[in-house]
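Some notes on the structure that comes next.
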């Protein structure tokens, strides 16, 4: 018998700062002080476009020092700080930008991205809701709010947001992928596969969508289809631990425990702190009768994530009961 399978999906949050919208001096009031600030702002934008983040931040600092009321300077510095992975600094800048200009739509979207990375789902929903109030045509705000709602378990709300986003931008593969995940959790496996397939048609190199479709095909009992999708996901992104993690159960359910172990090995090699991969490898090792090795995996899993103790104990008990 097999242990209960764990699916991991490639949920994608649209961090708009990857294709950020910088504010230029044309948005500034052209009295002397503001004009001086605007010159620093424009030069900072030029440095940022070249990837010279420190120089860009230095110029945005000067723009703010010259005109502390410049929401644009705070916003653009926040973008630069985000790319420097200074999330605290970026968050503070977006906070200040929205205080100075409460109608600066993009600042709410960018701030929501940081809040999502920090697990502040209520903040994500609040910021994207405000962005939608300011500009209801902003597809990424609908999509990102939908993702936060899905993470909170509000699947109906998430689906409504994804639907709206796709009406506004029907060519964004990541939104189809996220809606496919929501449909899976609603029990609509065919709808999920349809969305993942659509995502792949829009972006043929979308490894995550192949992995996600493979996971749902497995759930429908199509092991060969699942393996084909997982193989393609790995071809496209061999450095993704989740792709090996998701393929392993398909090998296991086909009775090839050695290949399942090999995939968990690779997932752990790519991500040594992948607690669930240790748990799943341990369960397969129990099936192989390798109790001592399994216990080592379970111990490592709980070392990485002690909160899994009760759940893991239940899964071990279920597996041993089935194998009697």
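A short reminder: the numbers here are calculations on the coordinates, not readings from a lab. Note that the structure is predicted; figures quoted are calculated from it, not measured. Positions of Cβ are backbone-derived with ideal geometry, glycine not excepted, and every protein chain shown enters the neighbour counts.
Points worth noting:
- Modelled spin-label separation between residue 222 and residue 317, with each label point placed 7 Å from Cα along the Cα-to-Cβ direction: 3.7 nm.
- Highest GNM mean-square fluctuation among 262, 80, 313, for the chain modelled with Cα contacts below 10 Å: 313.
- Residue exposure sequence - 47, 251, 142 - by fewest surrounding Cβ within 10 Å: 47, 251, 142
- Where labels lie 7 Å past Cα in the beta-carbon direction, separation of residue 269 and residue 307 in nm: 3.0
- Annotation: the residues 308, 150, sorted from fewest to most other C-beta atoms within 10 Å of their own C-beta, follow the order 308, 150.
- Based on DSSP H segments of at least four residues, each scored -39500 (n - 2.57), the chain has a per-residue ellipticity at 222 nm of -23500 deg cm²/dmol.
- Helix axis angle, 105-117 relative to the chain longest principal axis, alpha carbon, degrees: 30
- Segment residue 160-residue 69, length gained on full extension (0.36 nm per residue, minus Cα span): 29.0 nm
- Structure-derived Cα Rg over 2.2 N^0.38 Å - corresponding label in [x] 1.00; [y] 1.10; [z] 1.19: [z]
- Distance between the pseudo-spin-label points of residue 49 and residue 95 (7 Å out from Cα toward the beta carbon): 3.2 nm.
- Tensor-based shape of the range 189-324 (alpha-carbon gyration tensor, a/c under 1.5 rounded, otherwise prolate or oblate): prolate
- Were the residues from residue 189 through residue 36 laid out at 0.36 nm apart, the gain over their Cα-Cα distance would be 49.3 nm.
- Between residue 293 and residue 87, the contour length at 0.36 nm per residue exceeds the Cα-Cα span by 70.1 nm.
- Burial ordering of 204, 39, fewest other beta-carbon atoms within 10 Å first: 204, 39
- With Cα atoms, 0 to 90° folded angle of helix 32-49 axis to the chain main axis: 30
- For the chain, the longest principal axis of the C-alpha atoms and the axis of helix 71-83 are separated by about 30°.
- Packing, as the average of other Cβ atoms within 10 Å across residues, places the peptides 153-162, 184-193 in the order 153-162, 184-193, highest first.
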